[in-house]
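J.: Quick one: the structure is below, questions incoming.
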Amino acid sequence: MNPVLIAIIAAVVLLVGYVISLSNRLNKARVKIDEAGSDIDVSLTKRYDVLTKMIDVVKSYARYEKETIFETVRIRQGMTMQEKNEANRVMGENLEKIHILAEHYPDLKASANYNTLQKAIADVEEHLQASRRLYNANVSRYNQMLVAFPSSMIAGMKGLTKEEFFSAEEQKRQDVKMNLDL
Amino acid sequence: MDELNELRVSARNRLLGCIVGIIALGAASVALTRQPFLLFFILIGGFIVSTLVMKKPRQRYRAAFKQACVQQSLQSMFTDLDYHPDWGIPYETIAATKMMYMGDRYHAEDYISARYKGIPFEQSDVHIEEERQSTDSDGHTHTEYVTIFRGRWMIFAFNKEFRAKVQIAQKGFPNAKRKRFFGKKEELFQKVEMESETFNKAFQVFAQNEHDAFYIITPAFMERVQNLAAHNKGKLMFCFVGDRLHIAIHDNKDSFEPGGIFKSVDEEAVMQKIRSEIGIITQFIDELSLDNNLFKQEV
């Protein structure tokens, strides 16, 4: 067989192999983002559960507090990253309110229940931070692949787009209007 | 300290006596027989006899040093102290982590179990060797033992609860082992890339679960690990197993040992050396804030 033809076939095989390998790397990166996204769901759910318990504990103290209003949080499966960010922001605000309330009620702050839940929330937040960092590390690597040549070409052919990061705790503070019936 | 010096002087004098005896015997035998090759046998025999004669005095000196200096210093630093110079962390404890290649010969000593700032810990000097055989040109097989780990092994109660095993090994730490390719799926380790490039350059992280790796290794923790690596001459390995943190320092050092018998015991210098060796334990607890139990609770 013609050596030039062999070289061309070898080059084509290598090129196809390389393209498949790049495509697989992109697929794997996407799968890792999905897995890390599920990890965020788990952590958000845990945070929600502890927050609900905390609200139950402080509710009796807050009964006569006209200004302490907790915003409703909804956690469900299949939330977009924007929705997860929003749920996380709302939970952060509710926790902030609980802390402010505890400052006004020394009995509440000193209660064993409240302190146990405080420790639980610290741990849950640490888990959420871990999930966030893991997710964002995966998104960062994936997004870098989307802009770096030659993986950017494969990503373009597959129609892949950049993924959104999961934000750190929302810093913005705003007045939230709601009733106490959580 | 006077008693320690007396034991040292006694051991030194006995050794000097052996040396003088060997020289006198060698000189006399050569002078009387005019056979210089006898000197070779006298030297070999003298060395063996000296080793046997020196064994007990050395042991007494070493035991007295550990009792008078090491035990005393440990008592001043820790609570619930249990110190055994001749014991060590059991082989099985380290082997059970499945994160260290255990070689063919294991020796451990200077076992300490105590509490610092309320944190229970264990530590000992550990020496792991591997048997290697070679065959020379005459077809003779030679066996030798090569050190694969020598240094400290410390075990602390860790302040976070986690399920998966996680390992941080400083690049250059020898013989760290992970069961990566075989075993049940949940036992397999995967390489974890942390978000810090600086950290990834200096350390390798392996974990059974990426989430737990990120949960344990926070940005602050990474910084502390880097500080500890910068302040320790040996290579470090951190293994998180169950609710325990195992830390191995491979520095080829044997800690809590007395100096040579020809040098008088300088109390201040000796105590300073022991304090700095104890300081390695407290340094890890302090730097890693292991006494912060914020994350350990029962709900």
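J.: Counting C-alpha atoms alone, how compact is the stretch B:140-282: give Rg to one decimal and Dmax as a whole number, in angstrom.
T.: Every Cα atom of the stretch B:140-282 included, Rg and Dmax give 18.3, 59 Å.
J.: Give me B:GLU287, B:GLU144 sorted ascending by neighbouring Cβ count inside 10 Å, so fewest comes first.
T.: On the way: B:GLU287 15, B:GLU144 10.
Fewest-to-most Cβ neighbours within 10 Å comes out as B:GLU144, B:GLU287.
J.: Sticking with this one: Normalise the Cα radius of gyration of the stretch B:67-110 by 2.2 N^0.38 Å (N = residues in it) and let me know the number.
T.: Working: Rg = 13.7 Å, N = 44, 2.2 N^0.38 = 9.3 Å.
Cα Rg divided by the expected 2.2 N^0.38 Å: 1.48.
J.: Considering the alpha-carbon set of the stretch A:3-158 alone, what are its Rg and its Dmax in angstrom?
T.: Taking only Cα atoms of the stretch A:3-158, I get Rg and Dmax of 24.2, 90 Å.
J.: Using 29 Å as the Cα-Cα cut-off, could you pick out the over-long pairs in B:LYS98/B:LYS160; B:LYS55/B:LYS263; B:LYS66/B:LYS117?
T.: Values: B:LYS98/B:LYS160 21 Å; B:LYS55/B:LYS263 18 Å; B:LYS66/B:LYS117 24 Å.
Beyond 29 Å between Cα atoms: no listed pair.
J.: Using Cα pairs under 8 angstrom and six or more residues apart, how large is the relative contact order of chain B, in percent?
T.: Numbers: 478 pairs, mean separation 54.5, N = 299.
Relative contact order, chain B: 18 percent.
J.: Continuing with this model, one more query. Tabulate in residue order the Karplus-calculated ³J(HN,Hα) for the stretch A:85-92, using 6.51 cos²θ - 1.76 cosθ + 1.60 with θ = phi - 60°, rounded to whole Hz; enter x for Gly and Pro.
T.: 3J(HN,Hα) across the stretch A:85-92, in whole Hz: 4, 5, 4, 5, 4, 5, 4, x.
J.: Enumerate lysine pairs in the stretch A:3-158 that are 8 or more residues apart or on different chains, then count those whose Cα atoms are under 28 Å apart.
T.: 29
J.: If you project the alpha carbons of the stretch B:1-127 onto their three principal axes, what span does each projection cover, largest first, in Å?
T.: Principal extents (Cα only, largest first): 70, 41, 13 Å.
J.: Defining a contact as two alpha carbons under 8 Å apart and six or more residues distant in sequence, what relative contact order in percent does chain A show?
T.: 36 percent.
J.: Using only the alpha-carbon atoms, how far is helix B:37-65 inclined from the longest principal axis of chain B? Give it as 0 to 90 degrees, nearest 10.
T.: Its long axis makes an angle of about 50 degrees.
J.: Please provide three numbers in whole Å: the alpha-carbon extents of the protein assembly as shown along the principal axes, with the largest listed first.
T.: 110, 89, 33
J.: Further question: Using only DSSP helix segments of four residues or longer, with each worth -39500 (n - 2.57), what per-residue ellipticity at 222 nm results for chain B after dividing by its residue count and rounding to 500?
T.: Details: 8 runs with 119 residues, N = 299.
Rounded to the nearest 500, the figure is -13000 deg cm²/dmol.
J.: Could you size up the charge dipole of the stretch A:3-158 around its Cα centre, putting +1 on the beta carbon of Lys and Arg and -1 on that of Asp and Glu, and report it in debye to the nearest 20?
T.: 540
J.: Continuing with this model, one more query. With +1 on each Lys and Arg Cβ and -1 on each Asp and Glu Cβ, and nothing else charged, work out how big the dipole of the stretch B:81-287 is about its Cα centre, in Debye to the nearest 20.
T.: Numbers: 27 positive and 33 negative charges, 172 e Å.
Rounded to the nearest 20 debye, it is 820 debye.
J.: Cα axis of helix B:219-231 to longest principal axis of chain B: angle in degrees, 0 to 90, nearest 10?
T.: 10
J.: Could you pull out every residue, at least 5 positions away or on a different chain, whose amide H is within less than 5 Å of the one on B:PHE162? Hs are placed 1.01 Å off N in the peptide plane, and Pro or chain starts have none.
T.: For B:PHE162, no residues qualify.
J.: In the stretch B:83-160, if every C-alpha pair distance is counted and binned at 5 Å from zero, what percent goes to each bin?
T.: For the stretch B:83-160, the pair-distance distribution reads 3, 14, 19, 19, 15, 10, 7, 5, 3, 2, 1, 1, 0.
J.: With everything on Cα atoms, drop me the angle between helix B:2-33 and the longest principal axis of chain B, reported from 0 to 90° to the nearest 10.
T.: Helix B:2-33 sits at roughly 50 degrees to that axis.
J.: Ok, one more. In whole angstrom, note down how far apart the Cα centers of the stretch B:103-160 and the stretch B:245-260 are.
T.: About 10 Å separates the Cα centre of the stretch B:103-160 from the one of the stretch B:245-260.
J.: Compute the whole-percent fraction of alpha carbon pairs in chain B spaced more than 38 Å apart. Please list the in-between numbers first.
T.: On the way: 13008 of 44551 pairs.
Roughly 29 percent, once rounded to a whole number.
A short reminder: the numbers here are calculations on the coordinates, not readings from a lab. It should be emphasised that the depicted structure is a prediction, and the values quoted were computed from it without experimental measurement. For neighbour counting, all protein chains shown are included, and Cβ atoms are generated from backbone atoms with ideal geometry for every residue, glycine included.
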